[in-house]
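The values are calculated or read from the model by the stated rules, or taken from the named source; none is laboratory data. Being a predicted model, the structure only gives us computed values, none of them experimental. Heads up, the Cβs are rebuilt from the backbone with ideal geometry, glycines too, and the neighbour counts pull from every protein chain shown. Note: areas computed on protein heavy atoms with side chains; ligands, DNA, RNA excluded. Shrake-Rupley method; radii C 1.70, N 1.55, O 1.52, S 1.80 Å.
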2 protein chains.
Amino acid sequence: MRVRVGNKYKDYKSVWFENNIIKLIDQTKLPFKFEIVSIKNYSQLYSAIKKMVVRGAPAIGIAAAYGIAQAKNQNKNLKKVADYLKSARPTAHDLFYGIEYVISKIEEGFSGTDAAEEYALKIIAECKRIGMHGEKLIKNKYRILTHCNAGALATVDYGTALSPIRFAHYNGKKIFVYVDETRPQLQGARLTSWELYQEGIEHAVIADNAAGYFMQNKQIDIVIVGADRIAKNGDFANKIGTFEKAVIAYQYKIPFYVAAPTSTFDTKIKSGAEIVIEERNGTEISMISGKRIIPQNIKVCNPAFDITPAKYVTGYITEKGVIGWKELMR
Amino acid sequence: MRVRVGNKYKDYKSVWFENNIIKLIDQTKLPFKFEIVSIKNYSQLYSAIKKMVVRGAPAIGIAAAYGIAQAKNQNKNLKKVADYLKSARPTAHDLFYGIEYVISKIEEGFSGTDAAEEYALKIIAECKRIGMHGEKLIKNKYRILTHCNAGALATVDYGTALSPIRFAHYNGKKIFVYVDETRPQLQGARLTSWELYQEGIEHAVIADNAAGYFMQNKQIDIVIVGADRIAKNGDFANKIGTFEKAVIAYQYKIPFYVAAPTSTFDTKIKSGAEIVIEERNGTEISMISGKRIIPQNIKVCNPAFDITPAKYVTGYITEKGVIGWKELMR
């Protein structure tokens, strides 16, 4: 991804590996400070994942893959390191997958560093292809709505939902992006807006409440979001609020696309009803930027994800191409 | 409205008039501090309206009515006072109406204080009747969704959307209220939650994004919101986000009611398309509680209201009874 450093632009990944050190863009400091954190051992990595210095399931998976490679190079007990890292965020599937992938490759005799790099490159290549396929859905002068941050920060490079937007921009299309601020954690306002600004892509941050208003007023031509998990029937889990946007888009006949690599499709799950929704800490709602907005004795409900039924989805943008909902069902 | 003061409960209005002083519950300090502000002249009142110490169109109208009565008692130039107060918030219709009402009564020979009290009592009585009519729609064990603050704070007592909720509670029904936090200004999280807590009504604050999730999961039985203006065909303007909730409720066949006195019906306006939407300052989104969450160079769009088409409304709860949409059209 493009990042402005002083008066110049530099190409960055949100996670990379250099001289046995894991480098992370500190996502807790954005958008106000661009800082690179150097992770020298697995306990530093554990803490970085836990505190969301690195966030986004694919980015966490890659950081953990590098963590195993680093531990191997430091002659650490890999079993112990793996168990510890897995406990940092127990719900992110990629975290487990990235760790297991590198360990199995090491057991097969490969270098841990090579295995982790291979893992990272595979995901980056998939995101790039998602961008190249999805870009075709975006016409010149399109106004696009996105929710949360399914960007390069979350996937190391390009992003999922943001990848087609990047490629449309690279290909000279004039586009405008409406960015849902995405309460409670404000990933849209803080991270998606930062990424778009760095790329020079025109956009505006809006309250989540206003997305429907812009759809109703014909100011949005297409909606593109990411996904945390897609069931066999096409129902998908994504950041809370995605479902509301999908229903409004459906009512107003606005194309609604889900951008995700095919690895996000979980064919073991028949429908969205089988996906368990994580209830996160209420302080994400009752406190903003460390400041309390709701008194401590007031009850808060904070489901972190919702399930959007497949009928609201126009298509899935994957690394293999754009798949329609009916195609998926075959 | 009931307010806990120390270990006791006291009955309060959000605005009242006492020995020629206008008393206001300071809504900028809630929910953390319960403070009464004493307004001794019209320039203090202007500033209180402008800084939203008093907010909610009916409450502003009543405060301004008392302002004219006070100015009359202080032998001020009423024309000058009226023009100045009207400029505090140029969009709220009630502000103009409250001022003109008292001035015309004074010209007819009535006392300003009597006229202002009469004006306030009329609105309070309407809100009470809205509560008594609307209460019948709320069954025992109902879980109710509301948006923004259409409560006693906004209308001096009872509220519009919150009045049926209060009366259901007074009548011993066991209810639970989901309160949309209502970004950008958080009137739900700060004010509605405060009112419900004072009354001892069980509730939880949720991110606006989560309302759809709870509707989809059959955790909401009825939606009740207020309205800023209702067109002849039943389309209505209300706080941004209302429209999204109405569309989801419609999809999931959840009754969706608008609570407002008949004076909110603007028969001069044929449909919602004629209502101009106020675009408010972007800092309402880019700053929360005085802390910046989005850098200054990032564009923000901040429509303050949206229009919900009449087809999504099950009925209108007015002081005259509950009117169905089809009845309204006759």
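A compact table of results
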quantity: Residue in the range A:160-174 that is in contact (Cβ under 8 Å) with a residue 60 or more places away in the chain, open to solvent by 10 Å² or more (accessible area, probe 1.4 Å), over 13 Å from residue B:294 (Cα atoms) and under 14 Å from the mean Cα position of the chain (by Cα) present; calculated: yes
quantity: Which numbered condition residue B:127 misses (of (1) of a type outside the set (D, E, K, R); (2) in contact with an Asp or Glu (Cβ under 9 Å, 6 or more places away or on another chain); (3) under 24 Å from residue B:52 (Cα atoms); (4) open to solvent by 20 Å² or more (accessible area, probe 1.4 Å)); calculated: (4)
quantity: Residue A:197 vs. criteria within 11 Å of chain B (Cβ to nearest Cβ), open to solvent by 10 Å² or more (accessible area, probe 1.4 Å), out of contact with any helix residue (DSSP H, G or I) (no Cβ under 8 Å at 6 or more places or on another chain) and under 22 Å from residue A:135 (Cβ atoms); calculated: yes
quantity: Helices (runs of 4 or more DSSP H) contained entirely in the range B:86-176, each with at least 3 residues that are of a type outside the set (Asp, Glu) and over 30 Å from residue B:248 (Cβ atoms); calculated: B:93-107, B:112-134
quantity: Options A:240, A:317; residue that is touching a residue at least 60 places away in the same chain (Cβ under 8 Å), among the β-branched types (Val, Ile, Thr), touching a strand residue (DSSP E or B) at 6+ places or on another chain (Cβ under 6 Å) and at the interface with chain B (Cβ under 9 Å from one of its Cβ atoms); calculated: A:240
quantity: Looking only at the range B:277-314, and only at residues there that are hydroxyl-bearing (Ser, Thr, Tyr), in contact (Cβ under 8 Å) with a residue 12 or more places away in the chain and within 10 Å of another protein chain (Cβ to nearest Cβ), the one that is surrounded by the fewest Cβ atoms within 10 Å (Cβ to Cβ); calculated: B:286
quantity: Subset of the range B:230-267 (residues that are in contact with a helix residue (DSSP H, G or I) (Cβ under 9 Å, 6 or more places away or on another chain), of a type outside the set (Gly, Ala, Ser) and on the phi > 0 side of the Ramachandran plot); calculated: none
quantity: Residues of the range B:244-276 satisfying the condition of being open to solvent by less than 40 Å² (accessible area, probe 1.4 Å) and in a loop (DSSP other than H, G, I, E, B); calculated: B:254, B:260, B:261, B:269, B:271, B:275
quantity: Odd one out for residue B:213, checked against (1) open to solvent by less than 20 Å² (accessible area, probe 1.4 Å); (2) within 14 Å of chain A (Cβ to nearest Cβ); calculated: (1)
quantity: Hits in the range B:44-63 (condition: in contact (Cβ under 8 Å) with a residue 60 or more places away in the chain and part of a helix (DSSP H, G or I)); calculated: B:57, B:58, B:59, B:61, B:62
quantity: Qualifying positions in the range B:200-210 - more than 7 Å from chain A (Cβ to nearest Cβ) and either open to solvent by less than 10 Å² (accessible area, probe 1.4 Å) or touching a His at 6+ places or on another chain (Cβ under 6 Å) (or both); calculated: B:201
